[in-house]
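Throughout, read-outs are computed from the coordinates displayed, never taken from laboratory work. Because the structure is a prediction, the values reported are computed rather than measured. Every residue, glycine as well, gets a Cβ built from its backbone with ideal geometry; the counts of neighbours run over all protein chains shown.
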Amino acid sequence: MRITTVGLDADDTLWHNETLFRLTQDRFRALMADHASPEALDAKLAEVERRNLALYGYGVKGFTLSMIETAMEVTGAEAPSKIIAEILAAGRELLAHPVEPLPGVRQALDELSRDYRLVLITKGDLLHQEQKLAASGLGERFAAVEIVSEKDAATYDRVFARDGDGAARAAMCGNSLRSDVIPALEAGAYAAHVPYHVTWAHELADPPTGHPRFAELASISDLPAWVRSLG
């Protein structure tokens, strides 16, 4: 059955994202150095983020609120106002950071868009993701853009039915095994994992090695040839 639709993740698949979050977390550690060790602070922030995902969703705003909440918990609700102001400034800088497409992205999208319907499928804050797509200069290559609160099998089934010819005739590509690969396979699509050099802890999962519709690609530049190989 010929593939007609290719879904693509955005953050860390098309442009840098997690690296910027890591740099901001380094800044947070420095701000909190007098109150907690880096290891204890990281553990508390991860705990707070997990707790808040259902409330704030994914993205910079939720991350900023989680850093503030972590600072308050670590200091017994006595975090200095200067630290809170610095955390807010770090969040604003993340929101305003230039968008830099990863190597090979433009060429791969140009090649794919000649023969397939491209759909951007991303999690995160609606306004910020729309801003990043506009700033990237990649928007015109996509037939549809889906900014979702969560990526699960039902999401892919719905998106590929609405924006394509169903999951069976679709392929998904992204850097997250947990969000971009495993649920897409569960929906009946093909899925390619293109690793980014760092991965958010909440997105880690074991690769579905041996699954007939799964592929591990070294680069997004390999995506067009893989999609064509699906027949």
Output the number of the condition that R22 fails; it satisfies all remaining conditions of (1) in contact with a strand residue (DSSP E or B) (Cβ under 9 Å, 6 or more places away or on another chain); (2) surrounded by fewer than 17 Cβ atoms within 10 Å (Cβ to Cβ). (1)
Go through (1) surrounded by 16 or more Cβ atoms within 10 Å (Cβ to Cβ); (2) touching a helix residue (DSSP H, G or I) at 6+ places or on another chain (Cβ under 7 Å); (3) over 19 Å from P103 (Cα atoms); (4) not aliphatic (A, V, I, L, M) one by one and return the number of the condition R141 breaks. (3)
Lone unmet requirement of (1) within 22 Å of A135 (Cα to Cα); (2) of a type outside the set (D, E, K, R); (3) surrounded by fewer than 18 Cβ atoms within 10 Å (Cβ to Cβ) for A54: (1)
Give me the pairs: first residue in segment 193-215 and basic (K, R), second residue surrounded by 13 or more Cβ atoms within 10 Å (Cβ to Cβ) and not in a loop (DSSP other than H, G, I, E, B), beta-carbon distance under 6 Å, and six or more apart or on different chains, which are they? R213/L185; R213/Y190
Subset of segment 170-189 [crowded, with 19+ Cβ neighbours inside 10 Å and over 17 Å from F142 (Cα atoms)]: N175, S176, L177, S179, D180, V181, I182, P183, A184, L185, A187, A189
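Give, as residue ranges, the helices (runs of 4 or more DSSP H) completely inside segment 94-182 that count at least 3 residues that are closer than 30 Å to D26 by Cβ.
126-136
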